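Undergrad: Sharing a structure with you now.
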Amino acid sequence: MTPSQRSAPGRPKIGVFDSGVGGLTVLRALVERIPEADYLYFGDTARLPYGSKSAATVAHYAVGAVRYLQEQGAELLVIACNTATALALNEIKAAAGVEVIGVVEPGAHAAAVATHKRKVVVIGTEATISSHAYRRALEDREIAVREKACPLFVPLVEEGWLEHPVTEQVARIYLSEAFSDEASDADVLVLGCTHYPLIKPLLRRVAPAHIAIVDSAESTARDVARHLVPQLKNELRGVPLLKFFATDSAEKFRKMGTRFLGLPVEDVVHVDLKE
Ligand code: DGL
């Protein structure tokens with residue numbers, strides 16, 4: 001699908017926020033499920049990674065970014081970044097004047113549907129895992145959880161090492177620790193980070209064969225579609241307008257973004273958010 005350049009009147013405008021290009025995996029799911037909408041995507045590439053930062057810093061950055069998206073006309077906000085959702089969803093909701101949908105609840109829902117053993121392993125950034133946001137969301141559904149931080153995956157994916165022997169070796173170490181002892185009979189692996197869907201084929205090979213792998217992109221898109229039902233009319237169908245904002249180089253975003261989105265990333269504007 002090639003993005004059109006003109007927004008048709010009446011089409012909902014969805015703002016998608018991530019710390020970088022990883023959230024484009026969520027945007028891809030949104031575009032596939034809701035072609036009746038147009039999209040504004042903000043990647044805070046100058047301040048990535050969020051996964052090693054404190055909750056206060058992540059909240060401060062995320063609130064600035066979503067305010068910018070609203071100024072550009074976003075009528076609904078999707079927080080594609082697992083770290084920002086896990087650490088700052090309440091602050092973002094308090095600051096936004098529009099509906100905000102994060103990725104943790106939809107991810108936990110997808111895991112709850114997939115697990116038969118009611119035992120799940122969640123992997124994510126250091127910050128997401130230490131927040132225990134997934135643990136809370138899953139325990140609310142009476143599902144036992146093993147959480148495992150996998151901080152090396154984000155730089156490996158950013159490097160483009162999606163099928164590299166080093167990434168495979170790192171994955172073997174992380175997953176053998178994650179599925180050890182009382183988690184050895186868990187039957188679902190939740191990809192609690194925007195970057196991990198890109199190494200899903202590798203994780204599929206490395207993870208125990210009986211494990212179902214879930215990511216939140218698809219179930220987040222379903223939640224957003226449900227929310228927009230009254231606005232989604234058949235006559236609005238068409239090619240979504242995609243507009244991108246990045247805090248680091250627009251050119252770099254264009255190049256990397258195309259890999260994550262699987263569609264051409266063309267209309268990129270560099271944004272300098274003042275502290
Ligand atoms: N977007 C982040 C997440 O989903 C990963 C990259 C980062 O650490 O900023 O947790």
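Undergrad: Output the residues belonging to the range 62-89 that are under 17 Å from the mean Cα position of the chain (by Cα) and surrounded by fewer than 22 Cβ atoms within 10 Å (Cβ to Cβ). Reasoning before the result, please.
TA: So in the range 62-89, the residues under 17 Å from the mean Cα position of the chain (by Cα) come out as 62-63, 65-66, 69, 76-89.
Listed by number, the residues that qualify are 63, 76, 89.
Undergrad: While we're here: Applying the selection to the range 11-46, what residues are buried (at least 24 other Cβ atoms within 10 Å of the Cβ), within 12 Å of the ligand (Cβ to nearest atom) and of a type in the set (Ser, Thr, Tyr)?
TA: The answer is 19, 25.
Undergrad: When you scan the range 50-61, how many residues do you find that are of a type in the set (A, V, I, L, M) and surrounded by 18 or more Cβ atoms within 10 Å (Cβ to Cβ)? Lay out the reasoning, then the answer.
TA: Here is the first cut: in the range 50-61, the ones of a type in the set (A, V, I, L, M) are 55-56, 58-59.
Subsequent filtering for residues that are surrounded by 18 or more Cβ atoms within 10 Å (Cβ to Cβ) retains 58-59.
Result for the range 50-61: 2.
Undergrad: Within the range 214-231, is even one residue touching a Lys or Arg at 6+ places or on another chain (Cβ under 8 Å), closer than 17 Å to residue 154 by Cβ and assigned to a helix (DSSP H, G or I)?
TA: Within the range 214-231 (the criterion being touching a Lys or Arg at 6+ places or on another chain (Cβ under 8 Å), closer than 17 Å to residue 154 by Cβ and assigned to a helix (DSSP H, G or I)), the answer is yes, since at least one residue qualifies.
Undergrad: Take the conditions within 16 Å of residue 85 (Cβ to Cβ), within 16 Å of the ligand (Cβ to nearest atom), of a type in the set (S, T, N, Q) and out of contact with any Lys or Arg (no Cβ under 9 Å at 6 or more places or on another chain) and apply them to residue 167. Does it pass? Quick ask: steps written out before the conclusion?
TA: Numbers: within 16 Å of residue 85 (Cβ to Cβ): no; within 16 Å of the ligand (Cβ to nearest atom): yes; of a type in the set (S, T, N, Q): yes; out of contact with any Lys or Arg (no Cβ under 9 Å at 6 or more places or on another chain): yes.
Judged against the criteria, residue 167 is not a match.
Undergrad: Note down all Cβ pairs under 7 Å where the first residue falls in the range 42-62 and is touching a residue at least 60 places away in the same chain (Cβ under 8 Å), the second is part of a helix (DSSP H, G or I) and more than 11 Å from the ligand (Cβ to nearest atom), and they're at least six residues apart or on different chains.
TA: 42/65; 42/68; 42/69; 43/253; 44/65; 45/253; 55/88; 58/88
Undergrad: On to the next question. Is the range 160-173 home to any residue that is of a type outside the set (Val, Ile, Thr) and in a strand (DSSP E or B)?
TA: Of the range 160-173, the ones of a type outside the set (Val, Ile, Thr) are 160-165, 168-169, 171-172.
Remaining after also requiring in a strand (DSSP E or B): none.
There is no residue in the range 160-173 that is of a type outside the set (Val, Ile, Thr) and in a strand (DSSP E or B).
Condition check ((1) surrounded by 20 or more Cβ atoms within 10 Å (Cβ to Cβ); (2) of a type in the set (Ser, Thr, Tyr); (3) within 16 Å of the ligand (Cβ to nearest atom)) across all residues:
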{"site": "177", "(1), (2), (3)": "no, no, no"}
{"site": "188", "(1), (2), (3)": "yes, no, no"}
{"site": "192", "(1), (2), (3)": "yes, no, yes"}
{"site": "195", "(1), (2), (3)": "yes, no, yes"}
{"site": "198", "(1), (2), (3)": "yes, no, yes"}
{"site": "212", "(1), (2), (3)": "no, no, no"}
{"site": "229", "(1), (2), (3)": "no, no, no"}
{"site": "237", "(1), (2), (3)": "no, no, no"}
{"site": "247", "(1), (2), (3)": "yes, yes, yes"}
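Undergrad: Out of 100, 104, which single residue is away from the ligand (no atom under 15 Å from the Cβ) and not basic (Lys, Arg)?
TA: On the way: 104 fails: away from the ligand (no atom under 15 Å from the Cβ).
Selected residue: 100, the only one of 100, 104 that is away from the ligand (no atom under 15 Å from the Cβ) and not basic (Lys, Arg).
Values in this text are rule-based calculations from the coordinates and carry no lab data. Note that the structure is a prediction, hence the values are computed from the model and not measured. So basically every Cβ, Gly included, is an ideal-geometry build from the backbone, and we count neighbours across all protein chains shown.
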